[in-house]
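Just so it is clear, none of the values below were taken in a lab; they were calculated from the coordinates. Not measured: the values here are computed from a predicted model. We place every Cβ from the backbone using ideal geometry, glycine too, and count neighbours over all the protein chains shown.
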Amino acid sequence: MMIRSALSALTVSRGKTRWIAGLATGFALMHLANALPFADPRAERGGPLAENSQWLLAPTDPGCRNPAMVSTGGAAPREMETLAVRWTGFSNFELVYKGKVILLDAYFDRGGNYPPLGFAAADVKKADVILLGHGHFDHMSDAASVGIRTGATIVGAPVTTEVLKKQSVPDRQIRTVTGKGGESLQFDGFTVEPILGQHGTPDRHITEVMEGALNSLTPKLTPQQEEEEKLIRDRGTFDPRVIREGTIAYLITLDNGFRIYYRDSGGRVTDFEKSAMQRIPGVDLALVAVSADFLAPPVVRQAIEHMRLYKPEVYMPAHHDAAYSGHTPLWRPTEPIFQAMKDANSKLVTVSREYREPVCFNTEHNVQRGP
Ligand SMILES: [Zn+2]
């Protein structure tokens, strides 16, 4: 299928196929690195994804190279089976599969006290589904505006969707879930199973000392920045239900069996997650928030618990970036997490990219289908 579509893109008529394909092969061999449509991160382990010589004929896929998000007008992957994943700060991801755009969390306009993401909430014009992990502002502050503009279906816990309703999101777009089972949501090309998780509860002894130290060294917020942050904070909730009733993990299963596990807060695993994971051998891709503990040992411990339960082939971290000052003003390094994970599981593939850099997967290869 891959070679057929690659050839059809290269040829204008059947009569010219042979010499154009020959030319393309020569060109591809000369420009090997550029000729691959994209590098599936699982190819680093070898195996079929590393040895797929058919791909030499395929042109580079702009949907797997350009940083422009599909939701803001960028190119979608050329192949239907290609999944494009872009991390856009905190626990935000954009997933694109079969022309559908899934946004995981929606916190884009963070204000001047944060590294810029390279786009604004107002630029997001296409989304089919928005899955909200929880209702804190740094996970949902742009969900209502993006949802209303795109018409996307927005999924969240009761404490999250209450906020959306107050922000004038039409009821027909909202799906309220508890994550306690029996709520599988069917979409065109994929299903979503909400699973009740638990919000992170970082050790206050660590966070108070660390935030105090960091804030003694970093510039104070200006009154304008304070005002800006207040408006953003007001578009989420601080309801205490968020911690144990309002943090939802999502198991997304594509129509070919490829599984993605998404968890937007680095808390302990729950019995709901354990029972969901007992039904499957593991997931192809885990997109998981690291804990907010600042120091490597507790952050690593929590990430290892996640890895052991979700059994991913590929792990991508989230929520490891930070503001310049104020609340949790320190990026969590991913290297200690990746090192400990690989010490425990040498087959694991770890991936961390910068904002909006695409990571593509050939989802025809997946755990469900086997090697
Ligand atoms: Zn939170």
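The figures follow:
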{"read-out": "Phi to ³J(HN,Hα) by Karplus 6.51 cos²θ - 1.76 cosθ + 1.60 over segment 129-139, Hz, x for Gly, Pro", "value": "9, 10, 9, 9, x, 7, x, 4, 4, 7, 9"}
{"read-out": "Point-charge dipole on Cβ atoms (K/R +1, D/E -1) for segment 62-362, about Cα centre, debye to 20", "value": "460"}
{"read-out": "Helix axis angle, 17-30 relative to the chain longest principal axis, alpha carbon, degrees", "value": "60"}
{"read-out": "For segment 50-119 and segment 130-200, distance of Cα centres in Å", "value": "21"}
{"read-out": "Anisotropy class of segment 241-371 from Cα gyration tensor, a/c 1.5 cut", "value": "prolate"}
{"read-out": "Inter-label distance for Ser168 and Arg241, nm, one decimal - labels placed 7 Å from Cα along Cα-to-Cβ", "value": "2.4"}
{"read-out": "log10 of Debye I(q)/I(0), alpha-carbon scatterers only, for segment 129-180 at 0.14, 0.30 Å⁻¹", "value": "-0.26, -1.32"}
{"read-out": "Under 14 Å between alpha carbons - lysine pairs in segment 62-362 that sit 8 or more apart or on different chains", "value": "7"}
{"read-out": "Nearest 10 degrees, 0 to 90: helix 223-233 Cα axis against the chain principal axis", "value": "70"}
{"read-out": "Using θ = phi - 60° and Karplus 6.51 cos²θ - 1.76 cosθ + 1.60, couplings along segment 241-257 (whole Hz; Gly, Pro as x)", "value": "4, 4, 5, 10, 10, x, 10, 10, 8, 10, 9, 9, 10, 6, 5, 9, x"}
{"read-out": "As computed over the chain, the Cα convex hull volume per residue (Å³)", "value": "145"}
{"read-out": "Three-way shape call for segment 140-243 based on the alpha-carbon gyration tensor, with the a/c threshold at 1.5", "value": "oblate"}
{"read-out": "Positive-end residue of Val314, Ser291, Phe187, charge dipole of the chain with Cβ unit charges", "value": "Phe187"}
